1. Between residue 43 and residue 23, what is 0.36 nm times their sequence separation minus the Cα-Cα distance? Round to one decimal in nm.
2. Across all directions of projection, what mean area in square nanometres is found for the Cα convex hull of the chain?
3. With the dipole of region 1-157 worked out from charges on the C-beta (+1 for Lys and Arg, -1 for Asp and Glu) around the Cα centre, which of 21, 123, 70 lies farthest toward the positive end?
4. Roughly how far apart, in whole Å, are the Cα centres of region 345-407 and region 118-182?
5. Pick out, in residue order, every one of the trypsin sites (Lys or Arg not before Pro) in region 98-134 that is DSSP loop and has at most 13 other C-beta atoms within 10 Å; say none if there are none.
6. Which ³J(HN,Hα) values in Hz, rounded to whole numbers, follow from the phi angles of region 188-197 under the Karplus curve 6.51 cos²θ - 1.76 cosθ + 1.60, where θ = phi - 60° and Gly and Pro get x?
7. Which FRET efficiency value, to the nearest 0.05, do you get for residue 127 and residue 87 by plugging their Cβ-Cβ distance into 1/(1 + (r/R0)^6) with R0 = 30 Å?
8. Need one number: nm distance between label points at residue 15 and residue 52, each 7 Å from Cα along Cα→Cβ, rounded to one decimal.
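No value in this document is a laboratory result; all are computed from the given coordinates. The shown structure was predicted, so the numbers you read here are calculated from the model rather than taken from an experiment. Neighbour counts are summed over all protein chains in view; Cβ atoms, including those assigned to glycine, are modelled from backbone coordinates with ideal geometry.
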Amino acid sequence: MSELQREVGGEWRPAAACLASLQAKGVAWRYREEDAASYILPDVLAGEEGGRIDTPAAWEARRLHILKLFERNVYGVAPVCDRTTFSVTEGEIAPGGGPANARRVEITCHAGADAYRFEATVLIPPSARKPVPAFLFINNREPEAADPSRRVRKDFWSAEAILARGYAAAVVRTDDIEPDRAGALQEGQGVRAALADAMTQTLPAERWGALAAWAWGASRVMDYLQTDAAIDAGRVAIVGHSRGGKAALWAAATDARFAIAISNESGRGGAGISRRRMGETVKVINDRFPYWFCENFWRFNDCEDALPIDQHQLLALIAPRAVYVASAGDDLWADPRGEFLALAHASAAYALHGHSRIDPSEMPPLDRPLVRGPMGYHIRPGEHDVKRGDWNRFMDFADVQWRAHHG
Ligand code: GTR
């Protein structure tokens, strides 16, 4: 454990106009750095009984312990999927730049006597001559925001740009896995209701919330990608925005098949450090979205210092695989600095694997991405969203991680 004062280092500062407009609105939440809480952050490399983790092997054992803490206290335990089966419909769509092969995949997960079925889409670039790496996007908005047919084309899921770089573009929608609303479970909707019998051995307060269900769904899509000869399943990036970004990080933490995790403005319950209490707090997120987390997480409302972990350790769980965190300058609700600091503190786990650390004082200014080995970060100007420029940076990062693969 190390005592941290407020960490205001680095070049980025929120825009004065953004701060002034929040002040004019009289918002009650904390958005000025001088109001951030001081805190003691759990040390990523602290061992269980006072020792230090100093080898990759020791980290692996510690990692499993931290994973369990996140399961029990934050996201909840997901059921085991005994078998996943697929039914694929192939077709062609014509996103800009020529036709692409589109696979509409019906995925069925069987757990005990129960099953749950949902759909995902995979677009294969027309130029592919060998298995290609893929970006799997968790769409947390309406279907048209990431339209699998590409009749509607939005930058939010820049599928054309992904295909043009020679990557496959896969998408799955949160609501198809677990409806994004309170009461779905009680009404018998979604995967949590369908597989409820598989959870009877799990304490009610530790049962999975919707974020864990979405992450689980991404893993089932990965089950499919491993069977598709057009995909290089060893090189799949999981990407999500906001609540989808929280789910993407948890998916990569729980499923080592994801080679890269990309979190766009995931904030509280994602990349943001909870103890800072900036923007959306644990209490606010639990009050508004009680079904996102396991019930145990509610115990930490206004009590962040009691959390046995913090979100920098979620990023550390992904080490030594690649992780990219993106923020937006005016998205103070998601606490951009807290997102960067989580990555900086997580870098201790990467250092065990021979990578250089990121120092908390290194937060870059707007539009100057920081990439250090398997870790990347950018903050761009503007509001909460995924822009084409964000996607370009995600792909630049993947290009470097996977070297030039196309051609
Ligand atoms: C907000 C929520 C955030 C974030 C966001 C989103 O209402 O407070 O945690 O998840 O929604 O998903 O766009």
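1. Values: separation 20, 0.36 × 20 = 7.20 nm, distance 3.45 nm.
Gain on extension, residue 43 to residue 23, equals 3.8 nm.
2. Working: hull surface 76.6 nm².
Orientation-averaged projected area of the Cα hull: 19.1 nm².
3. Going by the Cα projections, it comes out as 123.
4. A separation of 22 Å, based on Cα centres.
5. Details: sites: 103, 104, 117, 129; in loops: 129.
Filter output for region 98-134: 129.
6. Whole-Hz 3J(HN,Hα) from phi for region 188-197: x, 9, x, 5, 5, 6, 4, 9, 4, 5.
7. Numbers: r = 27 Å, r/R0 = 0.90.
Efficiency, rounded to the nearest 0.05: 0.65.
8. 4.4 nm
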